[in-house]
Amino acid sequence: MISQFFVLSQRGDNIVFRDCLCSFQFNLSPSIFHHSQNSSLIFTPLTADRGEVQKGSAETFFRKVKFWKEDADGDAPPVFNVDGVNYFHVKVAGLLFVATTRVNVSPSVVLELLQRTARVIKDYLGVLNEDSFRKNFVLVYELLDEMIDFGYVQTTSTEVLKSYVFNEPIVIENAHMPVGPASIFMHGSKRMPGTAITKSVVANEPGGRKRDEIFVDVIEKISLTFNSSGYILTSEIDGTIQMKSYLTGNPEIKLALNEDLSIGTSDYRGSGAVILDDCNFHESVHLDSFDVDRTLSLVPPDGEFPVMNYRITQAFKPPFRINTLIEETGPLKAEVTIKVRAEFNSSINANTVLVQMPLPTFTARVNFELEPGAVGHTTDFKEANKRLEWGIKKVVGGSEHTLRAKLTFSQELHGNIMKEAGPLSMTFTIPMYNSSRLQVKYLQIAKKSKSHNPYRWVRYVTQANSYVARL
């Protein structure tokens, strides 16, 4: 299916490289070896009949991605072709996972393989970054050998691979953790431990002990579009209940959701009801009592996996309100005023808030004015693509922040400035907050004894998938 698999750093360094094809190799897959009369195994040699990919493919790929010219405002697509070679790639935790082939294969299958490979490696290493790969390259290659044979997928199950993988991971310290959405739980309170981010499924605690615990994360990515008056035009939530289990003995667990949860075309419209447009479940989930009391039963496999994916298109309260005003103050001048108000509780903070806004093409200079006493704010004018950027390190619930930007143009605008600027977009991460009100009511674990009491962690996070305000 694929010819090569490699992982590149953000600088283009080749961290892991596996050539799945060679001029002559033995395939030990059970489907192609045969038992002779004396019960000895006869291995069928396979040749690289799918066409070799050149050895410099990693350099070719990185140059193409870094200097992508076909779309000046966008990044390279996940699939593209260079000189007859198909390149598939996904970016996970700042690393590029890439597969190549010369044959016509399903892009969705290869992209899913790359995502699952990244997830399995993260399960075993505990964290995905360049340092963890370099310190655990033997374990990574052992995993790749078991997952992909002659370019064909054998298994991507973390639980199945535990029977074939024997190397122990070298744990990476928190100081080397990458910055990103996954790290939001690292520095929180006791309600939000970060050990699930850095913990391997095969590594024990110091002293050989294994801490029994299970993590359930309700992650929601919201998409909202506001009109010029601040009214919501479109709204959608893409959510997932993610689980990572470190329970010994694989006990059965029960996960209870809102009793007033409604799915699809149900007529239930109680006060505060959570209405899902559609949802799907992991193969390990049993739905025997789900229709009765909204309880999911399952025996969690090792590693991280999505228990349930869901989508909501009903109206919900937006976490932020955005107001934007643009005024012409002279023949070559204008002023932009942006107000951002946090609509959530004051006990919750939003992290890594970034507001971006395209400006008119002839914008030559921008002077920024922040509110008095503003801390943790950054402003920038990206002259190359004429874009305003306003970053806020932390936004406390209920607070309001204002930015004024004075624009200077290189020539007079002949038209409506409102048509030349915008729309305004926003990205953010809000720990311990979910827009849909979907909740895990309780997490019950089948006890092996009275003294057996594993740790249970339930965490919530909301992220902006597409948060856009028209001017």
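Please treat every number below as a calculation from the coordinates, not as lab data. No experiment lies behind these values; they were computed from the predicted model shown. All Cβ positions, even for glycine, are placed from backbone atoms using ideal geometry, and neighbour counts span all protein chains on display.
Given points 7 Å out from each Cα along the Cα-Cβ axis, report the ASN258 to ALA374 separation in nanometres with one decimal.
About 3.6 nm, to one decimal.
What ³J(HN,Hα) values, in whole Hz, does the Karplus curve 6.51 cos²θ - 1.76 cosθ + 1.60 give for the range 423-436 when θ = phi - 60°, with x put for Gly and Pro?
x, 7, 10, 9, 10, 6, 9, 10, x, 6, 8, 9, 6, 7
Return one quarter of the surface area of the convex hull spanned by the alpha-carbon atoms of the range 330-471, equal to its mean projected area, in nm².
The directionally averaged projection comes out at 12.0 nm².
How large is ³J(HN,Hα), in whole Hz, for each residue of the range 249-262 in order, when computed from phi with the Karplus curve 6.51 cos²θ - 1.76 cosθ + 1.60 and θ = phi - 60°, using x for Gly and Pro?
Once rounded to whole Hz, the list reads x, 6, x, 6, 10, 10, 10, 9, 9, 3, 5, 8, 5, 10.
Packing-wise, with mean Cβ within 10 Å as the measure, how do 350-360, 108-118, 275-285 rank, highest first?
The peptides rank, most packed first, as 350-360, 108-118, 275-285.
I need to check one value: relative contact order of the range 101-173, counting alpha carbon pairs closer than 8 Å and at least 6 residues apart, in percent. Write down the numbers at each step before the final one.
Details: 45 pairs, mean separation 25.3, N = 73.
Reported relative contact order: 35 percent.
Would you kindly derive the ³J(HN,Hα) couplings of the range 292-308 from the backbone phi angles with the Karplus curve 6.51 cos²θ - 1.76 cosθ + 1.60 (θ = phi - 60°), listing them in order in whole Hz, with x for Gly and Pro?
8, 10, 6, 10, 9, 10, 6, 9, x, x, 5, x, 9, 8, x, 5, 7
Which log10 I(q)/I(0) values does the range 341-424 give at q = 0.21 Å⁻¹ under the Debye formula, counting every alpha carbon as one identical point scatterer?
Result of the Debye calculation: -0.99.
Quick check of the Kirkwood formula: for the range 222-370, what is the inverse mean of 1/r over all pairs of different Cα atoms, in Å? Working shown, then result.
Values: mean 1/r = 0.0507 Å⁻¹.
It is 19.7 Å.
Within the set LYS221/LYS386; LYS122/LYS162; LYS317/LYS441; LYS55/LYS91, which residue pairs have Cα atoms separated by over 19 Å? If you can, show how the numbers build up before the last one.
Working: LYS221/LYS386 27 Å; LYS122/LYS162 14 Å; LYS317/LYS441 21 Å; LYS55/LYS91 22 Å.
From LYS221/LYS386; LYS122/LYS162; LYS317/LYS441; LYS55/LYS91, over 19 Å: LYS221/LYS386; LYS317/LYS441; LYS55/LYS91.
For the range 63-151, what Kirkwood radius comes out of the mean inverse Cα-Cα distance, in Å?
Final number for the Kirkwood radius of the range 63-151 is 14.4 Å.
Obtain the nm distance between the two label points defined at LYS135 and LYS441 by a simple spin-label model: each point lies 7 Å from its Cα along the Cα-to-C-beta direction.
Rounded to a tenth, the inter-label distance reads 4.3 nm.
Based on Cα coordinates alone, diagonalise the gyration tensor for the range 122-177, multiply each eigenvalue by 5, take square roots, and list the semi-axes in whole Å, largest first. Numbers along the way, then the final one.
Working: eigenvalues 96, 25, 18 Å².
Square roots of five times the eigenvalues give 22, 11, 10 Å.
Going by average Cβ density within 10 Å per residue, which order do the peptides 54-60, 369-375 take, highest to lowest?
The most tightly packed comes first, giving 54-60, 369-375.
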